[in-house]
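The values are calculated or read from the model by the stated rules, or taken from the named source; none is laboratory data. Everything numeric here is computed off the predicted structure, so don't read it as measured data. Methodologically, a virtual Cβ is constructed for each residue, glycine included, from the backbone with ideal geometry; neighbour enumeration extends over all protein chains shown.
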Amino acid sequence: MSTIKNQERLEMNEPIIRELEEDDLTKGFLNTLDSLRKTSNLSNGKAIEIYKKIRTNPEHHIIVAEIEGMIVGTTTLLIEPKFIHDGGLVGHIEDVAVDKKFQGQKIGEKVIKYSLEFAKNQGCYKTILDCTDNVKKFYEKIGFKNMGNELRFDHN
């Protein structure tokens, strides 16, 4: 199949957005994180150890985008209980990554919007993230606001 046909095929497939499962560690998840920092060199044993540790925290959610059985996008959502706001909850988004072959297809936007809805459904009154200036417009387009040194999305 030609490169153009492969690209058309990739663009036609709508990703499934869901939480990370252990099997995803060998289905492109670590390679997708390489767009942030080299991660695919982790041993399978070390990756499973990290996954199991993360799973012990019910407030730590790794969201993935799957296309044809491969993980092509991801982000992490941490939910923090606060003493302020009468025990309110704040979502923290980290580690937004899309496989380089799938960038430009709104996969990052889809995992972020899924995470925002997930946080809202958990009762978060806001979700925040830190980012570099070169991706700030991407997050502002989704609805985040520049709040000094952080970006913020209010759920009401």
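Residues in the stretch 60-84 that are in contact (Cβ under 8 Å) with a residue 24 or more places away in the chain, out of contact with any His (no Cβ under 7 Å at 6 or more places or on another chain) and part of a strand (DSSP E or B): how many?
Of the stretch 60-84, the ones in contact (Cβ under 8 Å) with a residue 24 or more places away in the chain are 61-75, 77, 79.
Remaining after also requiring out of contact with any His (no Cβ under 7 Å at 6 or more places or on another chain): 61-75, 79.
The next check asks that each one be part of a strand (DSSP E or B); those that pass are 61-67, 70-75, 79.
Total meeting the criteria: 14.
Surrounded by fewer than 18 Cβ atoms within 10 Å (Cβ to Cβ), free of Cβ contacts under 8 Å to residues at least 24 places away in the same chain, closer than 20 Å to His155 by Cβ and aliphatic (A, V, I, L, M) - does that describe any residue in the stretch 39-49? No, there is no match, as no residue in the stretch 39-49 is surrounded by fewer than 18 Cβ atoms within 10 Å (Cβ to Cβ), free of Cβ contacts under 8 Å to residues at least 24 places away in the same chain, closer than 20 Å to His155 by Cβ and aliphatic (A, V, I, L, M). Answer yes or no: is there a residue in the stretch 131-145 that is out of contact with any Phe, Trp or Tyr (no Cβ under 6 Å at 6 or more places or on another chain), crowded, with 20+ Cβ neighbours inside 10 Å, free of Cβ contacts under 8 Å to residues at least 60 places away in the same chain and not in a strand (DSSP E or B). Yes; the residues of the stretch 131-145 include at least one that is out of contact with any Phe, Trp or Tyr (no Cβ under 6 Å at 6 or more places or on another chain), crowded, with 20+ Cβ neighbours inside 10 Å, free of Cβ contacts under 8 Å to residues at least 60 places away in the same chain and not in a strand (DSSP E or B). Among the residues examined, Ile79 qualifies as more than 20 Å from Glu140 (Cα to Cα), among the aliphatic types (A, V, I, L, M) and crowded, with 18+ Cβ neighbours inside 10 Å. Taken over the stretch 32-59, the residue count meeting the criterion of being among the aliphatic types (A, V, I, L, M) and in a loop (DSSP other than H, G, I, E, B) is 2. For the stretch 9-20, the candidate set comprises residues that are over 14 Å from the mean Cα position of the chain (by Cα) and either surrounded by 13 or more Cβ atoms within 10 Å (Cβ to Cβ) or part of a loop (DSSP other than H, G, I, E, B) (or both); within that set, the residue that is modelled with the highest pLDDT is Glu14. Within the stretch 85-105, the residues that satisfy the criterion of being of a type in the set (Asp, Glu) and in contact (Cβ under 8 Å) with a residue 12 or more places away in the chain are Glu94, Asp95, Asp99.
Of everything listed in (1) closer than 14 Å to Gly28 by Cβ; (2) assigned to a strand (DSSP E or B); (3) of a type in the set (D, E, K, R), the single unmet condition for Lys101 is (2).
Within the stretch 21-31, can you find the residues that are in a loop (DSSP other than H, G, I, E, B) and under 22 Å from Lys113 (Cβ atoms)? Walk me through how you get there before you give the answer.
Taking the stretch 21-31 first, the residues in a loop (DSSP other than H, G, I, E, B) are 21, 27-28.
Those that are in a loop (DSSP other than H, G, I, E, B) and under 22 Å from Lys113 (Cβ atoms): Glu21, Gly28.
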